[in-house]
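Reading through the structure tokens given below for one structure.
Any read-out appearing in this document is the output of simple, stated calculations on the displayed coordinates, not a laboratory observation. As the structure is a prediction and not an experimental result, all values here were calculated from the model. When we count neighbours, we look across all protein chains shown, and the Cβ atoms used for this are built from the backbone with ideal geometry, even at glycine.
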């Protein structure tokens, strides 16, 4: 499996979102927006149900709680304005949001007639398609969303220890390598010394 990178250029992130809106692809807009703003793994995003995002009174929840599949840890985080807007756009453009239904539901049904979430492959295909259309030439995949979250958190001043905790990493070094900062720093040091 090839390594994927964060999307470092905010203009390209905006371009991806505009393309999704233009295509009326509000489901994938929410998936993309949630991924780059919450730092969740795609498996945790795809497992979400509407009751995770919409409170019993019909409002968008202020805070979301997710049990991570990989680490089995519980993660709580607030929904920022970008995610809330993406939720609103998706809800306005769909028939109904059943609390027990998956948010990122596939058009295909199981033999039993039960709805299920889109697959990781379908998520990758959408992310890859829109990133390429937006002019992003680097390797992208579902993990690009989580790495993008980490990269921009770090660049906007989030302490590395806090970011390590947010991503549930074992060390600051792992976090820096994960978001591509270690390579940037090494390259800068090589370029800084000209003998």
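P(r) tail, region 1-74: Cα-Cα pairs separated by more than 14 Å, 69% of all pairs. Each label was represented as a point 7 Å from its Cα along the Cα-to-Cβ direction; for residue 177 and residue 67 these points are 3.1 nm apart. Here each label is just a point 7 Å from Cα along the line to Cβ, and for residue 51 and residue 22 those points are 4.0 nm apart.
Taking only the C-alpha atoms of region 126-195, the Rg (one decimal) and the largest Cα-Cα distance, Dmax (whole number), read 14.2, 47 Å. If you average the alpha carbon positions of region 164-195 and of region 64-96, how far apart do those two centres end up, in angstrom? Taking the Cα centre of region 64-96 as reference, the centre of region 164-195 is 29 Å away. Packing-based ranking of 65-75, 43-53 yields 43-53, 65-75, ordered from highest to lowest mean Cβ neighbour count within 10 Å.
Computed across region 141-180, the Kirkwood radius stands at 9.8 Å (inverse of mean 1/r, all Cα pairs). Per-residue ellipticity at 222 nm from helix content only, as computed over the chain with -39500 (n - 2.57) for each DSSP H run of at least four residues, stands at -15500 deg cm²/dmol. If R0 is taken as 35 Å, the Cβ-Cβ distance between residue 115 and residue 14 corresponds to a FRET efficiency of 0.65. The orientation-averaged shadow of the Cα convex hull for region 10-192, equal to a quarter of the hull surface, comes to 11.8 nm². Segment residue 161..residue 100, full-extension length gain: 18.4 nm, with 0.36 nm per residue of separation and the alpha-carbon distance subtracted.
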